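Read the structure below first, then the notes.
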Amino acid sequence: MSRRPTVARPMTTRRQSMNAMKAARLHEIGGKFQIDDLPVPVPGKGDVLVRVETCGIIPNLRNVVTHFPSWYPFLPLPALPAIFGLDAAGTVAAVGEGVSAFKPGDRVYVNPGVGCGECRHCKRGEPTRCDSYTFMGYFGFGENSESIFRKYPYAGYGEYTIAPTTNLVRLPQSMPIAHGARLGYLGTAYSAIRKSGLRPGQDILILGATGTLGVGAAILALAFGAGRVVVAGRDPLALARLVALDPSRVVPVCWEDGSIQAQVRKLIPDGVDVMLDTLGAKASADYSVDAMKAVARGGRIVQIGGVAGPIPIDPHPFMCAQLQYIGSLWFTPAEGDEMAAMIAAGTADLSILEPRPYRLENINEALQDIEAHGNGFTNFHIAY
């Protein structure tokens, strides 16, 4: 049995001055994070300094900092030693030159996805399509990611971070700051549902619904007005927790009971209008292939989990049934604003998330715990 998480100390004992900060940095691939003392950064033109109050703990982070250089050498990591940590949320501490939309004291989430700012996609407000798209505190997608890491080396596992003002999402006052640590997963699902074109009353299948990404997808599918939300997973007890969100609309399918598509077609003979595949890289692609057969003619399949492929697709049936297979990566700050408004309005209820905070100095323990005991309902996060 693992140790109970170490609850964060009150913020009154945190920072002694604005000149120094603590950060958890990785010094070697495969190593453990170390707590280092660093100077507090100064925001440049168009940037904002955020005092971090919470940051999400990513289940895949240990794989990223141990295996990605050999598994995915085309996905660059920041030069070591480096501060990692996605999904930081907190309070604006200072603003750089030219910033007028934000002021000290504003509650914000820092969207870690940064583009080059100059290509046609960035100019259109679609940085996720940029060839240089980079996750601050995680990994990048292009050769230019190294320059972005150098420009923005401060991420969520530090007491302060710097980000472009265009990457900030205002958080509603009614939202617990700890929920900000979950917005990356929620935003990924939100963007995917938007791309799917799901309309009120339509049916959606969420594959891997009890995982961290899947639970958020189920919450948001209900908020989007889906008629039936079919949640597919392995654990009947976890599925029952999702059904409790709305027993009249959430329908469980346990893949231990047989073919997913057969179970879904028995419930909804014409098939679902949308399928979100939230399965991660460790899952078998066989589940995805089976579940795709539960999608109705003209339906959309959106991949957001990165399940290990390849997934065979026969073009002729896809053409005849007018099916669409869509890949969706992360979400834009504008989509984050929309999602925050949905949360503020009470349409998306995050109360099902159970907080599990850790102190920054216990980051290595937290990474071990989330690998061993992580689930879609527990919000593992650093609390400062």
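The values are calculated or read from the model by the stated rules, or taken from the named source; none is laboratory data. The structure displayed is predicted, hence computed values, not measured ones. Here Cβ is always computed from backbone atoms with ideal geometry, including for glycine, and neighbour counts include all displayed protein chains. Quick note on the areas: whole protein, heavy atoms, side chains included, nothing else; ligands and nucleic acids left out. Shrake-Rupley method; radii C 1.70, N 1.55, O 1.52, S 1.80 Å.
Could you tell me what percent of the accessible area of the stretch 47-115 is made up of carbon and sulfur, with a 1.4 Å probe and every protein chain present?
Solvent-exposed carbon and sulfur of the stretch 47-115 make up 56 percent of the total.
Hey, with R₀ at 30 Å, roughly what FRET efficiency would Asp235 and Glu365 work out to, going by the Cβ-Cβ distance, to 0.05?
Efficiency, from the Cβ-Cβ distance: 0.75.
Can you give the angle from 0 to 90° between the axis of helix 183-196 and the longest principal axis of the chain, with both taken from C-alpha atoms, to the nearest 10?
Tilt relative to the chain: about 40 degrees.
Probe radius 1.4 Å, ligands and nucleic acids ignored: give me the carbon and sulfur share of the accessible area of the stretch 234-384 as a rounded percent.
Carbon plus sulfur share of accessible area: 54 percent.
Among Pro39, Pro317, Pro59, which one shows the highest mean-square fluctuation when the chain is modelled as a Gaussian network with alpha-carbon springs under 10 Å?
It is Pro317.
What FRET efficiency comes out for Cys254 versus Ala101 if R0 is 30 angstrom and r is the Cβ-Cβ distance? Round to the nearest 0.05.
0.05
Looking only at Asn167, Asn60, Asn19, which one moves most when the chain is put into a Gaussian network model with springs between Cα atoms under 10 Å?
Checking each option, the largest mean-square fluctuation is seen for Asn19.
Under a point spin-label approximation (7 Å from Cα along Cα-to-Cβ), what is the Ser351-Ala308 distance to one decimal in nm?
It is 4.0 nm.
Using the basic label-point model (7 angstrom from Cα toward the beta carbon), what is the Ala79 to Gln324 distance in nanometres?
4.3 nm
In a GNM of the chain with a 10 Å cut-off on Cα contacts, which of Gly156, Gly187, Gly197 has the highest mean-square fluctuation?
Sorting by GNM fluctuation, first place goes to Gly197.
I want to check the label-to-label distance for Ala281 and Val42. Put each point 7 Å from Cα in the C-beta direction and report it in nm to one decimal.
4.0 nm
Kindly work out what percent of the DSSP beta bridges joining two residues of the chain are antiparallel, to the nearest 5.
Within the chain, antiparallel bridges account for around 55 percent of the total.
Where the centre of each part is set by its Cα atoms, how far does the stretch 93-147 sit from the stretch 173-213, in angstrom?
Rounded to whole Å, the Cα centres lie 21 Å apart.
When ligands, DNA and RNA are left out and all protein chains stay put, how many square angstrom of accessible area per residue does the stretch 78-193 have with a 1.4 Å probe?
Value returned for the stretch 78-193: 37 Å² of accessible area per residue.
Can you tell me how much longer the chain between Ser70 and Ala344 gets when fully stretched, taken as 0.36 nm per residue apart minus their C-alpha distance, in nm with one decimal?
Contour length minus Cα-Cα distance gives 94.4 nm.
Averaged per residue, what accessible area in Å² does the stretch 211-264 show with a 1.4 Å probe, protein chains only?
37 Å²
For the stretch 59-161, what does the convex hull of the Cα positions come to per residue, in cubic angstrom?
Value for the stretch 59-161: 117 Å³ per residue.
Would you kindly calculate the mean projected area, averaged across all directions, of the convex hull enclosing the Cα atoms of the stretch 163-259, in square nanometres?
Quarter of the Cα hull surface area: 7.6 nm².
Note the angle between two axes, namely the Cα long axis of helix 363-373 and the longest principal axis of the Cα atoms of the chain, as a number of degrees from 0 to 90, rounded to the nearest 10.
10 degrees
Beyond 26 Å, what percent of the Cα pairs of the chain remain?
That fraction is 51 percent.
If each DSSP helix of 4+ residues adds -39,500 (n - 2.57) and the sum is divided by the residues in the chain, what number results at 222 nm, nearest 500 deg cm²/dmol?
-7500 deg cm²/dmol
What is the extension gain from His316 to Arg150, computed as 0.36 nm multiplied by their sequence separation minus the C-alpha to C-alpha distance, in nm to one decimal?
Stretched fully, the His316-Arg150 segment lengthens by 55.1 nm.
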